[in-house]
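Down below is the structure, laid out as structure tokens.
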Amino acid sequence: MASVRGCNIPEDLSYNVDNNVWARREADGTVTVGLTAYACSLAGEIVAYTPKKAGKDIAKDKSCATVESGKWVGPVKTPVTGSVVAINDAVASKPGLINKDPYGEGWVVKMKPSDWDGESKSLKAGGDAVSAFEAKMDSEGFKGC
Amino acid sequence: MSRAWRLIDTGMRSAAENMALDRALLESCQAGAPNTLRFLRFEPSALIGFHQSVSQELDLDYCRREGIAISRRITGGGALYCDQGQIGWELFVDRRTFATADMLAIARQVCGIAVEGLRSLGVDAAFRPRNDIEVAGRKIGGTGGAFDGNALLYQGTVLIDFDVERMLRVLRIPQEKLSDKAIASARERITTLRACLSEDTPSAASVQAVFAKAFTQGLGIDLEPGDLSAAERDLYARYRIEMGSDDWVFETDRPRLEVATASAMRKTTGGLVRVMATVDTVRERLKQVFITGDFFINPRRAIVDLEAALRDLALEKIDETVDAFFQGRAVEMLLLTPKDLKTVLHEALRSVEPQGHERVGV
């Protein structure tokens with residue numbers, strides 16, 4: 001697994017680097033969405049999670065969930081357009097799971113994408129993602145996870 | 001990055017109007033509006049945090065009877081009672097204005113400037129994590145934030161005057177309401193500019209002027225008085241209706257039964273220790289805790305600082321938080337030990353019963 005300044009950035013995921021979110025196409029065609037380890041480090045411990053309701057249609061880069069940490073409230077922006085097919089009950093009862101396992105148990109929503117093939121082209125993966133996060137961390141004065 | 005910021009004073013407004021302005025100005029900031037410092041005042045308002053539940057936090061019947069408006073903030077943190085005795089300050093700012101993207105560091109920096117403002121009024125204020133501004137351990141203002149993309153809103157209050165009894169009626173806090181003890185206990189945890197400065201208490205306008213100067217110096221900016229843009233007025237008109245609606249206010253409502261009161265009392269060798277707390281039984285978090293008794297502790301504020309460290313904390317982190325608290329500072333106790341405090345906290349947690357007997361807010 002790739003690591004940028006101590007933050008895990010798995011190379012097999014697709015990222016919107018600006019919004020600090022990842023997407024993973026699953027075998028059943030759905031897309032799992034989550035926050036990156038870098039986003040978690042900037043936020044601190046996440047203490048609340050309010051996802052959009054299952055069935056809701058959400059455009060790319062719009063909020064699919066709202067989270068709170070250190071008295072800050074902010075959106076998680078879905079990297080692809082689609083409808084919410086699942087929210088994470090484990091995270092609802094323990095929002096800190098997002099920090100503990102951002103690419104696993106701490107996923108944010110699962111979406112049914114409306115145009116994965118088209119939209120995923122604008123997401124970054126592999127080495128491109130790693131270098132984009134390196135540049136982002138540099139511009140944001142980030143020391144490390 | 002431009003040094004020129006806009007200064008807006010939106011005056012005394014209702015809960016829904018203030019929340020609508022927060023949302024309109026944050027959205028406008030994201031669309032490229034200039035960085036803005038806004039001052040605001042409050043008609044009597046009970047304001048819950050974005051993720052909070054009216055039923056769990058507020059005595060809705062009391063608020064309705066007394067004409068206290070209820071709304072839900074777009075920012076994080078806990079429930080507040082606000083009225084004409086406080087001022088609010090808010091920054092709407094592009095996050096790239098700050099040298100860091102670390103949200104806690106940004107909050108600490110902004111709070112540090114608010115602390116400087118209070119100090120220049122002659123009040124020995126300090127920042128207390130996670131979001132209080134305090135004087136000798138007593139809270140004189142709270143803060144919280146919201147962000148969307150690169151737009152940040154960070155806001156705080158300053159208590160010039162405060163009606164502690166009314167707050168105790170409005171908020172569901174783990175105290176026997178309105179007993180002399182509860183009122184005295186709340187007064188030990190909250191202070192105001194009037195309590196600190198008595199006849200030298202500044203007017204709201206003077207406090208705002210001092211804070212404007214503090215932000216000017218602290219951020220290295222120039223403030224230019226301005227007004228809402230036409231686009232902001234349109235957004236405000238739309239959100240004013242939404243933010244006052246039950247759909248918005250109760251969107252995150254949860255059953256009152258999820259929150260339990262915990263209490264325990266124990267005679268230790270160091271004295272009597274009493275713990276009262278509210279616990280979110282679903283998320284397994286300590287919401288709020290009060291520790292009282294006749295034990296000796298010096299400085300006295302240490303116990304209130306400990307309460308602040310324990311607020312909104314995962315239950316599994318109680319022991320490590322208590323230990324870290326006492327390792328991190330010089331606290332003198334006579335016979336009472338951190339272990340005693342942990343024991344009483346855990347006894348309180350074992351006492352947890354759902355509050356089925358209390359009325360549910362909706």
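Odds and ends about this structure:
- Across the range B:5-54, the number of residues qualifying as of a type in the set (V, I, T) and either farther than 16 Å from B:G76 by Cα or not assigned by TED's automatic domain parsing to the domain that holds B:K213 (or both) comes to 3.
- Restricting attention to the range B:278-307 and to residues that are assigned to a strand (DSSP E or B) and either of a type in the set (K, R) or in contact with a Phe, Trp or Tyr (Cβ under 7 Å, 6 or more places away or on another chain) (or both), the residue that is farthest from the other protein chains (Cβ to nearest Cβ) turns out to be B:K287.
- Residues being more than 19 Å from B:G145 (Cβ to Cβ) and touching a Lys or Arg at 6+ places or on another chain (Cβ under 8 Å) are represented in the range B:17-24 by at least one member.
- A:E11 falls short on exactly one of the conditions (1) over 17 Å from B:H51 (Cβ atoms); (2) surrounded by fewer than 16 Cβ atoms within 10 Å (Cβ to Cβ); (3) within 12 Å of chain B (Cβ to nearest Cβ), and that condition is (3).
- Residue match in the range B:14-36 (condition: surrounded by fewer than 21 Cβ atoms within 10 Å (Cβ to Cβ), of a type outside the set (F, W, Y) and farther than 22 Å from B:A231 by Cα): no
- Considered as a group, the residues in the range A:79-106 that are in a loop (DSSP other than H, G, I, E, B) and out of contact with any Ser or Thr (no Cβ under 9 Å at 6 or more places or on another chain) include one that is farthest from the other protein chains (Cβ to nearest Cβ), and that residue is A:G104.
- When residues of the range A:75-111 are limited to those that are more than 13 Å from the chain's Cα centre (by Cα) and small (G, A, S), the one modelled with the lowest pLDDT: A:S93
- Check on B:A107, closer than 24 Å to A:Y38 by Cβ, buried (at least 20 other Cβ atoms within 10 Å of the Cβ), within 13 Å of chain A (Cβ to nearest Cβ) and touching a residue at least 40 places away in the same chain (Cβ under 8 Å): yes
- Yes/no for A:V21 being within 14 Å of another protein chain (Cβ to nearest Cβ) and either under 22 Å from A:G144 (Cα atoms) or among the hydrophobic types (A, V, I, L, M, F, W, C) (or both): yes
- If you go through the range A:21-54 and keep only what is assigned to a loop (DSSP other than H, G, I, E, B) and in contact (Cβ under 8 Å) with a residue 24 or more places away in the chain, you end up with A:E26, A:G29, A:T30, A:T36, A:G44, A:E45, A:K52, A:K53, A:A54.
- Any hit, the range B:116-126, residues being buried (at least 19 other Cβ atoms within 10 Å of the Cβ), within 13 Å of another protein chain (Cβ to nearest Cβ) and modelled with pLDDT of 95 or more: no
- Odd one out for B:D247, checked against (1) under 26 Å from B:R128 (Cβ atoms); (2) free of Cβ contacts under 8 Å to residues at least 12 places away in the same chain: (1)
- Only residues that are under 25 Å from B:A105 (Cβ atoms) and either free of Cβ contacts under 8 Å to residues at least 60 places away in the same chain or of a type in the set (D, E, K, R) (or both) were counted in the range A:92-130, giving 6.
- Pick from the range A:55-78, criterion in a loop (DSSP other than H, G, I, E, B) and at the interface with chain B (Cβ under 8 Å from one of its Cβ atoms), ranking: surrounded by the fewest Cβ atoms within 10 Å (Cβ to Cβ): A:G70
- Residue tally, condition among the acidic types (D, E), out of contact with any Lys or Arg (no Cβ under 8 Å at 6 or more places or on another chain) and either outside any strand (DSSP E or B) or within 22 Å of B:E307 (Cα to Cα) (or both), over the range B:142-201: 6
- Scope the range B:308-345; condition assigned to a helix (DSSP H, G or I), surrounded by 16 or more Cβ atoms within 10 Å (Cβ to Cβ) and among the acidic types (D, E); matching residues: B:D340
The values are calculated or read from the model by the stated rules, or taken from the named source; none is laboratory data. The shown structure was predicted, so the numbers you read here are calculated from the model rather than taken from an experiment. Neighbour counts run over all protein chains shown; Cβ positions are idealised from the backbone, glycine included.
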